[in-house]
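The values are calculated or read from the model by the stated rules, or taken from the named source; none is laboratory data. Please read these numbers as outputs of a predicted model, since none were measured by experiment. Here Cβ is always computed from backbone atoms with ideal geometry, including for glycine, and neighbour counts include all displayed protein chains. Heavy atoms of the whole protein, side chains included, go into the accessibility calculation; ligands, DNA and RNA do not. Shrake-Rupley method; radii C 1.70, N 1.55, O 1.52, S 1.80 Å.
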Amino acid sequence: MERQGRPPIVLQLLLGLVALLQIFPLVWLVNFSFLKSGDFFGSEILKWPKTFEFANYVNAFTYGSVPKYLLNSFIITAVTIVAAAVFSLMMGYAFTRMEWKLRGLALGLIMLGMIVPIHATLLPNFTLFNNMGLLDHPLSLILPYIAFSLPISTLIMTGFLETVPRSIEESAVMDGCGVFGLLTRIIFPITKPAVATVCIMNFISWWNEFIMANTFLTSDRFKTLPFSIMKFAGQYSSNYGAQFAVMTMIALPTLIIYLLFTEQMARGITAGAVKG
Amino acid sequence: MKRAMILVMMFALTGMLLAACGGSNGGAPANQPPQTNKEDGTNSKPEGEQVKLKFFSALADRSNGPGKIEQNLIDAYMKENPNVKIEVEALQDEPYKAKMKVYASSNDIPDIVQSWGQASFIKPLIDAGLMLELNEADFASSKFVPGATDGFSQDGKLYGLPRNTDFFVIYYNKKLFEDHGVKVPETTQELKAAAEAFRKAGINPIASNGMEGWSLPIWFEYVAQRHNGDFNQMDAVLNGEAAFSGNADFLAAATEMQEFAVIKGLADGFITADYGTSRNMFGQGQAAMFLMGNWEAGLATDENFPEEFRNNVGAIPYPASDKGKTTDVAAWFGGGYSVAKNSKHPEEAVKFLQYFFAPENWAKQLWQTGSGTPAQNFDEFLTGSESELQKQLIGIFSSITSSSGTPVQDNGTDEFKTKVMEAHQNLLSQLITPEAFLKELDAAVALIK
């Protein structure tokens, strides 16, 4: 009886406060995207605009090329997360279910990728892509994005797969299922929470990525969303209103995806964490 | 049933992958038309050899101020010379410098690049033999003001051309001064008195971008000059001919500067304020003064700020003392352009720069749009319809009798720069004594000897 009642009022207040703190930056972001640049850094924390500066959004869409950059960002991120999910699922399977020499070493090598900082790879990658003629091409972002996604994605996948009982696969094999059949018909549906987790994590990492995009892209054609913010950066001060409008639009997809998949994600991570 | 579901999902997954891959290929042409049209437009009437120049700029905003003028001139040049195609890549300062390092280390510098006539930026590039030597005679008609190209020269050879003349002034809000009966400062004592008066009245006295730190050493140059009467004394220290420590004038200057922090003469939170914050604080009428460069002539016309402010903003030179006059100005030549040595079309790049720096192009447009002060002689382009603020700035500019040259922190490596700026920030946060401040500066100078 008591358990079904409301949680104590203190807890509710506390949680409400935490929620408020979490939501505040977003409210602030949207609020200031409707202000003039001159209103920024004032004494008010939130400010009701005298006139809504929709011009900020107009600027973002026209001069800021948001639609074009949005499409570029979307394509690059989508290819990256799908490829990373497929590879990490297959590797996770190979590392947990298959017996082969050097398995531990190979897994270790992939995990080593986690300690490589992005900045250390910029120059070698630039030289490499330059020689391969890949500079200023979406692949020059997709390839390193996938590479940097793999260690953590594989870790989550192997962790999750360890918890999956092998008996299901054994019965599938008895029914005449091959390795790829196992992967696609048995393993993939079971590991969906982990796949979702991996996809969302990678989406969040790469949707906003700037330093590699800045280094490898030069022409306007392939540029991604963060460049739109830069377009409003003046030599000394900037068009903050328009920058906030762009940032609001950058934040939206992340927000939507997070809201849609937050439950899946929590399940994916915790399931993977059960077994050490 | 389950199998069917799984199959569907599997197809969905591969479908997504394919669609995404296809998208990356298919998406490109979809984005392309506006660009190819442009290309076709220029290619349709080929005159002479087709030339493609890469132009790497640090003016990221192409729709306002200097960035817009730069882009307009590039567009106009391409129209006049259909065989030349200039590809612009524009990034903001810090990302620009980071990418420049990548270009330099892969020996792949774009044909024309923005450069700064300051040792911290251009010296390593010249030393590595990456910059093309320019012929001064090619630009005689551009009428650069004397000394403008010094920062871009090494061993008597010219490696770049400056775009702007920069100098430091005090912007002030006339209305706030009148409302509170504060005298517009003409001497350094009056400046301090004004700061005290505004603090008492509950108004931020001086806005400054202390977080970024680069404006503080320039301010110190002023304070020091007003104590020793000679900008060259600081250069002597940088050249290793003297030291900051033990010099009574420098100590007095450092003490005076720290005084501003003690009496809270700087705006609240100035040490965490960046450029936009300090500028907006001044523009919203929350601060009486703004210590900044002449490039803010646009404050008088920036519609982001209330009209009351725009009508009341003015500029004064840094106040005088018994040793230093108001005509001794912290002035230097800022950003400019250089040509890469490995450029495939060096003549074409130089030709473009000649066009760019023709007096009626850059100099005229920069001045008349109020975006800054050119490094070229621009007397003939004064229209008489300049804003009050612009007139005050030009008054300060034309009165200069001695100038500081390159800001202190830009005379050496990145490490030197950081150390110098940190020393100033610490002094104004009252973390160190003036004596310790001078020692820190000496330690920084030791890095570049």
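So the values come out like this:
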item	result
Sum of -39500 (n - 2.57) over DSSP H runs of 4+, divided by residues of chain A (222 nm, nearest 500)	-22000 deg cm²/dmol
Rounded to the nearest 20 debye, dipole of chain A from Cβ charges on Lys, Arg, Asp, Glu	80 debye
Amide proton proximity set for B:Leu158, modelled H, under 5 Å, gap of 5+	B:Leu134
Å² per residue, accessible surface of the protein assembly as shown at 1.4 Å	46 Å²
For chain B, size of Cβ-based charge dipole, Lys and Arg +1, Asp and Glu -1, in debye	1240 debye
Cut-off 15 Å (backbone N to label point 7 Å along Cα→Cβ of A:Phe52), residues of the stretch A:216-249	A:245
DSSP-assigned coil residues among GluC sites (Glu not before Pro) in the stretch B:328-413, each with at most 14 further Cβ atoms within 10 Å	B:Glu360
Helix-only [θ]222 nm of chain B, DSSP H runs n ≥ 4, -39500 (n - 2.57) each, per residue, nearest 500	-14500 deg cm²/dmol
Where labels lie 7 Å past Cα in the beta-carbon direction, separation of A:Leu139 and A:Gln22 in nm	4.1 nm
Among the listed pairs B:Lys79/B:Lys351; B:Lys97/B:Lys344; B:Lys417/B:Lys449, those beyond 18 Å (Cα-Cα)	B:Lys97/B:Lys344
Residues whose placed amide H lies under 5 Å from that of B:Met292, excluding near-sequence neighbours	B:Val169, B:Tyr171
Amide H partners (placed H, <5 Å) of B:Ala315, local residues excluded	B:Tyr172
Difference of contour (0.36 nm per residue) and Cα-Cα distance, B:Asn72 to B:Leu382	109.5 nm
At R0 = 30 Å, FRET efficiency that the Cβ-Cβ distance of B:Asp322 and B:Ala443 yields, to 0.05	0.45
Rounded to the nearest 20 debye, dipole of the protein assembly as shown from Cβ charges on Lys, Arg, Asp, Glu	2900 debye
Histogram of C-alpha separations across the protein assembly as shown, 20 Å bin width, %	14, 41, 32, 11, 1
In sequence order, calculated HN-Hα J values of the stretch A:52-65 (Karplus, 6.51, -1.76, 1.60; Hz; x Gly/Pro)	5, 8, 5, 4, 4, 6, 4, 4, 4, 6, 8, 5, x, 6
Helical segments meeting 30 Å axial Cα length and Kyte-Doolittle 1.6 threshold in chain A (DSSP H)	A:9-32
Nearest-0.05 FRET efficiency for A:Met174 and A:Ile45, computed from C-beta distance (R0 56 Å)	0.30
Between helix B:248-262 and chain B: long-axis angle, C-alpha atoms, 0 to 90°, nearest 10	80 degrees
Farthest toward positive dipole pole in the stretch A:63-274 [+1 Lys/Arg, -1 Asp/Glu at C-beta], among A:Ile81, A:Ala196, A:Tyr69	A:Tyr69
Inter-probe distance in nm under a simple model that places probes 7 Å from Cα toward Cβ, at B:Asp150 and A:Met132	5.0 nm
Dipole of the stretch B:165-276, positive direction: furthest Cα of B:Ala224, B:His180, B:Ala252, with charges on the beta-carbon	B:His180
Estimated FRET transfer efficiency when R0 is 41 angstrom, pair B:Asp274-A:Arg6 (beta carbons, to 0.05)	0.35
Extension gain from B:Glu186 to B:Asp93, taking 0.36 nm per residue of separation minus the Cα-Cα distance	30.0 nm
Contour excess over end-to-end distance, with Cα ends at B:Asp127 and B:Asp235 and 0.36 nm allotted per residue	36.7 nm
Cα Rg, Dmax (largest Cα-Cα span) when computed across chain B, Å	25.5, 95
Fraction of the pair-distance distribution of the stretch A:63-274 above 31 Å, Cα-Cα pairs, percent	30 percent
Charge-dipole axis of the stretch A:63-274 as Lys and Arg at +1 and Asp and Glu at -1 on Cβ define it, positive-most pick from A:Ser228, A:Leu134, A:Phe261	A:Ser228
